[in-house]
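Throughout, read-outs are computed from the coordinates displayed, never taken from laboratory work. If you're wondering where the values come from, they're calculated on a predicted model, not measured in any experiment. So basically every Cβ, Gly included, is an ideal-geometry build from the backbone, and we count neighbours across all protein chains shown.
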Amino acid sequence: MIDLKALRENPDLFRNSQKVRGEDPLLVDQLIAADDLRRIAITEFETLRAAQNTLSKSVGAAKNEDKAALLENAKGLATDVKAADAKRAQAEEAAHKISLQIANLIDPAAPIGGEADFKVIEEIGKPRDFKAEGFAAKDHVELGKILKAIDTERGAKVSGARFYYLTGVGALLELALVNYAIASAVKAGFIPMIPPVLVKPHAMEGTGFLGQAAENVFHLAQDDFYLVGTSEVPLAAYHMDEILENLPIRYAGYSPCFRREAGTYGKDTRGIIRVHQFEKVEMFSFCKPEDAQAEHKKLLQWEKDFFDAMELPYRVIDVASGDLGASAIRKFDIEAWIPTQDAYREVTSTSNCTEFQSRRLNIRYRDENGTKPVATLNGTLVAIPRTIVAILENHQQKDGSVKVPKALIPFLGMDTLVPA
């Protein structure tokens, strides 16, 4: 949720933010108008309630012959107060609904444009020249079959399209990645968490996933639960309605993630790049707002350290304004090189959400001037399927075996994945 005071003081800033995000700038004016009505309704209610309190004292002090008239007046005033209170509640709800539709105020340093208008910050590592090595690279689907590590056919048979089994060394590879990620996060000072993956509507709305991202959220209507698309949701909501101390507080959450992948019909249908269910280790940080930019760089560095350890070529991009999502003011993605696609593909992202989520979830910290909303940031340390894709394709050998990154060997118990 945006800072209403800041919006009223500089509406043009928010109109421009909405515009460059590809969102409706008129929502800013609608919110100002709704907030004006809210303020008027509050004033009317409080004026009538004050008059009611004064009249109540008069009734108590009145003589018997005056009480009847005063009680009659009090009865009428009580009706007016009740109506004014209902009007106030309605006006507050109307303003609140509009405020939830306005995205976070964008960082002016973020590139402007759509999905393709990102800025490349750096490229790390050099893609292999398989042709020079004397063989054509196999894609992860073929390698998965050779190694008996990935079974998409039976995944589709049991659950439908975009589902899969990890089997044998595929399952072991996932567990190694998760254990390495958690060990790395704990070493960096994160508290490990295994959160619930079914959450109530307020948790999902509070993190900003029931706006423009709602089409990709699985909803269990009968029970009014949502399946999380990232453990960012339960980690953010963990401290809702609390006042925090000793910031920053950092969590590393491991969980299954569920996404409908709406609007991607026919896109990435082969293999496990775009699926409905996958596991992920997510970093989440609560910090003071003035520390948020520095914290964002730290999260990105931890992500880079992880992919350096996986010995993968990758690049870091600054995501453009129209591709940020409602909560983030700025987002950096890491994209790993996928040889058979001759392209970089997103494997992690990290977002600075400033106080947007904490205002919705009522998470604060206390300083010498009272309580204030904290800043929240998130970053994926490892998303399993795409990381497995990158490891298999980049570290494959001519005979179909796959070299294991040195960092994973102690967790996997082998240095090579060999054809089954």
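Values as computed for the structure displayed
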read-out	value
9 Å beta-carbon shell around Tyr365, net charge (K/R +1, D/E -1)	+2
Sorted peptide list for 142-155, 124-137, criterion being average Cβ within 10 angstrom, highest first	142-155, 124-137
The chain: translational diffusion in µm²/s, Stokes-Einstein, Kirkwood Rh over Cα pairs, 25 °C, 0.890 mPa s	101
DSSP-defined beta bridges in the range 189-257 - what % are antiparallel, rounded to 5	60
MRE, 222 nm, helices only [DSSP H, n ≥ 4, -39500 (n - 2.57), over the chain, to nearest 500]	-13500 deg cm²/dmol
Translational D in µm²/s for the range 304-420 (Stokes-Einstein at 10 °C, 1.306 mPa s, Kirkwood Rh from C-alpha pairs)	95
Label point distance in nm, Lys157-Tyr265, each placed 7 Å from Cα along Cα→Cβ	2.7
Fully extended contour minus Cα-Cα distance, from Glu115 to Thr54, at 0.36 nm per residue	15.9 nm
All lysines inside 23 Å of Lys157 as judged from Cα atoms, apart from same-chain residues fewer than 8 positions distant	Lys145, Lys148, Lys267
13 Å Cα-Cα reach of Lys97 towards aspartates and glutamates, excluding residues that sit fewer than 8 places from it in its own chain	Asp35, Glu205
Reach of Lys19 by Cα under 16 Å, taken over aspartates and glutamates that are not fewer than 8 positions away in the same chain	Asp29, Asp107, Glu115, Asp117, Asp323
Compactness relative to 2.2 N^0.38 Å, alpha carbon Rg of the range 282-347	1.24
